[in-house]
Amino acid sequence: MRTQVGIVGAGPAGLLLSHLLHRQGIDSVILEARSRQAIESTIRAGVLEQNTVDLLSETGVGERLQREGFRHHGIFLRFNGRSHRINMHELTGGRAITVYAQHEVIKDLVKTRLEAGGRILFEADAVSLHEVDTPRPTIRFRKDGQIEELSCDFIAGCDGSHSMCRDSIPAGLLRVYEKIYPLAWLGILAEAPRASEELVYTYHDRGFALVSTRSPQIQRLYLQCAPNDQLSSWPDERIWAEFHARLAGEDGWMIHAGPILEKVIVGMRSLVIEPMQHGRLFLVGDAAHVVPPTGAKGLNLAAADARVLADALGAWYNNGQSKPLEEYSATCLRRVWRAQHFSWWMTSMLHRFPDDDHGFQQRLQLSQLSYVCSSRAAATSLAENYVGLERV
Ligand code: PHB
């Protein structure tokens, strides 16, 4: 089998890349280890920054997102029992975020690709890359128990945080920057009415809590927990009691409890692989970088990488230019490190850290929160990063 761009992984990065390439007349094949049903039902993040919404809308995959997504003009920071609104819309000249689940983005992209005759091979498990530093790289993959080969001009490694593609960058050329946080999030989906029009990021002595949403009837809620916690130690009653304790305040605001439809524990880490390219291989999205979810940047960074790579491949195929491809990693890394800093900063400001035994960090965090909520300059910094910087 042959194509111009072989894409490993049908997450947001791989699907969007394939879609953007198609719009420039460039052929691609996506190899995805899981089934269509599995990728379209896995619950992940849900915040699209303005850049991502614009990109999806401008390229014809924004119709359902515009109709069914929830546009939020602000967020709340809640601490000392009170909520403070950051008016992102006003602070950023009219920009906003849209709450629309990642698996909905995936459904829209899969549908668009398949309707346009795009080739996505589901349950095709890429096992190894070959000759990535030659003009004819290949991807070996397992489908229906057989090993097959996809030969391409370029390979895009869009295979997520446990990337196999990443291993094809020689160890001597690769640098890995990583930070593991001593905390995790317990995430739930609950069937309950919405309690806030906008997301509520809460700092409390007992730990962080986040109130997000999926629809007027389904809420997405998170609690800081220990990284080694097991779901078995979080029965429903304990989860609701913990939300009540962390969200309670003098204003009397509270979320509504309801049946819990799903529970997960997610670890928190920051990771960057440099460079994001080697020979004819390009890493896109989580394969090259992972952010803690506090800044809601993961999916948005993947979309930004996909756009840079699609433009660079377009310049190569359609105008014979190689410079944009050569600069792919450097171009992406500017945005990646900005998002890394923002995600680390939000994480550091909003969580209780187990090593803060004398409360010094807690005092700094409360000071920082008050500052962000009272200084227009500080609030603008949060807002423009949160909705997504247009240029980095
Ligand atoms: C979500 O709705 O899943 C969500 C929202 C904001 C975050 C992380 C996750 O920072």
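So for region 68-88 (the condition being over 20 Å from the mean Cα position of the chain (by Cα), open to solvent by less than 30 Å² (accessible area, probe 1.4 Å) and within 11 Å of Val387 (Cβ to Cβ)), does at least one residue qualify?
yes
Across region 101-122, what is the number of residues that are touching a residue at least 60 places away in the same chain (Cβ under 8 Å), touching a helix residue (DSSP H, G or I) at 6+ places or on another chain (Cβ under 9 Å), more than 14 Å from the ligand (Cβ to nearest atom) and not hydroxyl-bearing (Ser, Thr, Tyr)?
10
Give the residue that is farthest from Leu186 (Cα to Cα), with candidates limited to residues of region 75-98 that are in contact (Cβ under 8 Å) with a residue 60 or more places away in the chain and among the hydroxyl-bearing types (Ser, Thr, Tyr).
Thr92
Please work out which residue is surrounded by the fewest Cβ atoms within 10 Å (Cβ to Cβ), limiting yourself to region 310-332 and to residues that are under 22 Å from Leu56 (Cα atoms) and of a type in the set (A, V, I, L, M, F, W, C).
The qualifying residue surrounded by the fewest Cβ atoms within 10 Å (Cβ to Cβ) is Ala315.
What pairs can you find where one residue is in region 156-170 and in the same structural domain as Ala33 (by TED's automatic domain parsing), the other is acidic (Asp, Glu) and part of a helix (DSSP H, G or I), and their Cβ atoms are less than 9 Å apart, with a gap of 6+ or different chains?
These pairs meet every condition: Cys158/Asp286; Cys158/Asp305; Asp159/Asp286; Gly160/Asp286; Ser161/Asp286; His162/Asp286; Ser163/Asp286.
Name the one entry in Arg335, Arg307 that is open to solvent by 80 Å² or more (accessible area, probe 1.4 Å), of a type outside the set (Asp, Glu) and under 18 Å from the mean Cα position of the chain (by Cα).
Answer to the check: Arg307.
Tell me the helices (runs of 4 or more DSSP H) entirely within region 1-74 that contain at least 3 residues that are in contact (Cβ under 8 Å) with a residue 60 or more places away in the chain.
Fully inside region 1-74 and qualifying: 12-22, 50-58.
Determine whether Gly258 is small (Gly, Ala, Ser) and part of a loop (DSSP other than H, G, I, E, B).
yes
Scan region 318-345 and report the pairs whose first residue is under 15 Å from Ser381 (Cβ atoms) and whose second residue is open to solvent by less than 60 Å² (accessible area, probe 1.4 Å) and in a loop (DSSP other than H, G, I, E, B), with Cβ atoms within less than 7 Å and a gap of 6+ or a chain change.
Sorted first by the residue in region 318-345, then by its partner, the pairs are Arg338/Leu389; Ala339/Val291; Ala339/Lys297; Phe342/Lys297; Ser343/Val291; Ser343/Pro292; Ser343/Lys297.
From Arg78, Arg166, grab the single residue that is outside any helix (DSSP H, G or I) and not small (Gly, Ala, Ser). Talk me through it step by step, then tell me what you get.
On the way: Arg166 fails: outside any helix (DSSP H, G or I).
Of Arg78, Arg166, the one residue that is outside any helix (DSSP H, G or I) and not small (Gly, Ala, Ser) is Arg78.
Of the residues Thr98, Thr42, which single one is within 16 Å of the ligand (Cβ to nearest atom), among the hydroxyl-bearing types (Ser, Thr, Tyr), open to solvent by 40 Å² or more (accessible area, probe 1.4 Å) and in contact with a Lys or Arg (Cβ under 9 Å, 6 or more places away or on another chain)?
It is Thr42.
Just need a number here: residues in region 263-316 that are within 14 Å of the ligand (Cβ to nearest atom), of a type outside the set (A, V, I, L, M) and part of a loop (DSSP other than H, G, I, E, B).
The qualifying residues number 2.
Being more than 16 Å from the ligand (Cβ to nearest atom) and of a type in the set (Asp, Glu), is that true of even one residue in region 180-200?
no
Could you please let me know if Ala190 is surrounded by 15 or more Cβ atoms within 10 Å (Cβ to Cβ), among the aliphatic types (A, V, I, L, M) and more than 30 Å from Gln368 (Cα to Cα)?
When the stated conditions are applied, Ala190 passes them.
Based on this model, can you work out whether Gly93 counts as part of a loop (DSSP other than H, G, I, E, B) and closer than 30 Å to Ser381 by Cβ?
Criteria met by Gly93.
Do we have Ala257 as surrounded by 19 or more Cβ atoms within 10 Å (Cβ to Cβ) and within 26 Å of Gln102 (Cα to Cα) here?
Here the answer is no, as Ala257 does not meet what is asked.
Which numbered condition trips up Ile169, out of (1) open to solvent by less than 10 Å² (accessible area, probe 1.4 Å); (2) within 25 Å of Arg71 (Cα to Cα); (3) more than 16 Å from the ligand (Cβ to nearest atom)?
If we test Ile169 against (1) open to solvent by less than 10 Å² (accessible area, probe 1.4 Å); (2) within 25 Å of Arg71 (Cα to Cα); (3) more than 16 Å from the ligand (Cβ to nearest atom), just (2) comes out false.
Name the single residue that is surrounded by the most Cβ atoms within 10 Å (Cβ to Cβ) among those in region 351-392 being hydrophobic (A, V, I, L, M, F, W, C) and outside any helix (DSSP H, G or I).
Leu389
The values are calculated or read from the model by the stated rules, or taken from the named source; none is laboratory data. In this text, all values refer to a predicted model and were calculated from it rather than measured experimentally. With ideal geometry, Cβ positions are generated from the backbone for all residues, glycine too; neighbour counts draw on all protein chains shown. When the accessible area is computed, the model is the full protein with side chains, heavy atoms only, and any ligands, DNA or RNA have been set aside. Shrake-Rupley method; radii C 1.70, N 1.55, O 1.52, S 1.80 Å.
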